[in-house]
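The values are calculated or read from the model by the stated rules, or taken from the named source; none is laboratory data. Keep in mind the model is a prediction, meaning the values are calculated, not measured. Backbone-built Cβ (ideal geometry, glycine too); neighbour counts: all protein chains shown. For accessibility, only protein heavy atoms count, side chains too; no ligands or nucleic acids. Shrake-Rupley method; radii C 1.70, N 1.55, O 1.52, S 1.80 Å.
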Amino acid sequence: MEGVEGAAPRRPLTLAEVEPGSENERLGVARDSMLRNPLIVKAELGKPQRNCYTLPGIDFAYGLYIERTDGGVPEAIGHWNTIKPRTHLVREMPRDYIAMNRGALKAGYTTAREYNLYYKAKDIRRKDDENSRFNKCPPELPADMTYGIKTRSCTPFFDLFHHRYQQLWMEQQRALTRAERVEKKKKEKVRETRTTLLRKNPLPPKEESFWHLPSLEKVKPHLSTFPDHEARQKAFSATH
């Protein structure tokens, strides 16, 4: 049934083809328009679906008809239609403003009006591309030059079977990981500051000295309340 459903639709059904007891049998007055209405026509069992459009006869030519104007084979054998040669048109080359500007500058012209007058007086055109050096002399190429795409080197199957590329990739990843760890350690290292250095190596304590007048530094005391020198030293050792 799948092949029947996928087949092309058949031509419209006619009253002469309707058999007694078939799906499209009509009782009473039957007209051809009944068999051309897709809402009325019933599907036939085991047959492709019919289209309900009227088609022209067998001798009808589809498409656009074009009358022959060349005369066919006899006309081609008897008369040769030759193509007339085209006249070579001289192409007008554009102006060479670079050369004209250079010449106007050498002549001492500076304003736009002077430049326009110079353009009218000396109309310099660009050279034809056909007469250029590149078209006359092709580029020099080495004699052993090979054109096209170079041949790809053979695939090393031995390295593929032994997973050599996997090992190389793993080694590269390990080296990359080690380098990242070293870089991370360098970044994590804290620099020493003056405070941390003083905590590790504190400065020696500074001896406290009282300020005295310079004129009284070498003056000896006029009054001594200690009975002797030993008592005086003992009293000073207790305070200092």
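Quick check for me: using +1 on Lys/Arg Cβ and -1 on Asp/Glu Cβ, what's the dipole size of segment 140-198 about its Cα centre, in debye to the nearest 20?
680 debye
Residue ranges 94-104, 212-222 sort as 94-104, 212-222 when ordered by packing (mean number of other C-beta atoms within 10 Å per residue, highest first).
Straight-line reach from residue 234: taking Cα to Cα under 27 Å and skipping same-chain neighbours fewer than 8 places apart, the lysines in range are 206, 218, 220.
Each peptide in 108-116, 55-63 gets a packing score, the mean of other Cβ atoms within 10 Å over its residues, and the list from highest to lowest is 108-116, 55-63. Using C-alpha pairs under 8 Å with a sequence gap of at least 6, the mean separation divided by the residue count of segment 74-231 gives a relative contact order of 14 percent.
In terms of packing, defined here as the mean over residues of other Cβ atoms within 10 angstrom, the peptides 223-236, 12-25 line up highest first as 12-25, 223-236. Charges were assigned to the Cβ only: +1 to each Lys and Arg, -1 to each Asp and Glu. The resulting dipole of the chain about its Cα centre is roughly 2040 debye.
Summed over qualifying helices (DSSP H, 4 residues or more, each -39500 (n - 2.57)) and divided by its residue number, the chain shows a 222 nm mean residue ellipticity of -10000 deg cm²/dmol.
Only one residue of 14, 107, 124 has its Cα farthest out toward the positive end of the dipole of the chain, where Lys and Arg carry +1 and Asp and Glu -1 on Cβ, and that residue is 107.
Of all aspartates and glutamates in the structure, those lying under 17 Å Cα to Cα from residue 189, and not within fewer than 8 positions of it along the same chain, are 180. Extending 7 Å from Cα along the Cβ direction at residue 224 and again at residue 154 yields two label points whose distance is 11.4 nm. In the chain, taking the dipole from charged Cβ atoms about the Cα centre, the farthest positive-side position among 27, 195, 179 is held by 195.
Per residue, the accessible area of the chain comes to 101 Å², computed with a 1.4 Å probe over protein heavy atoms only.
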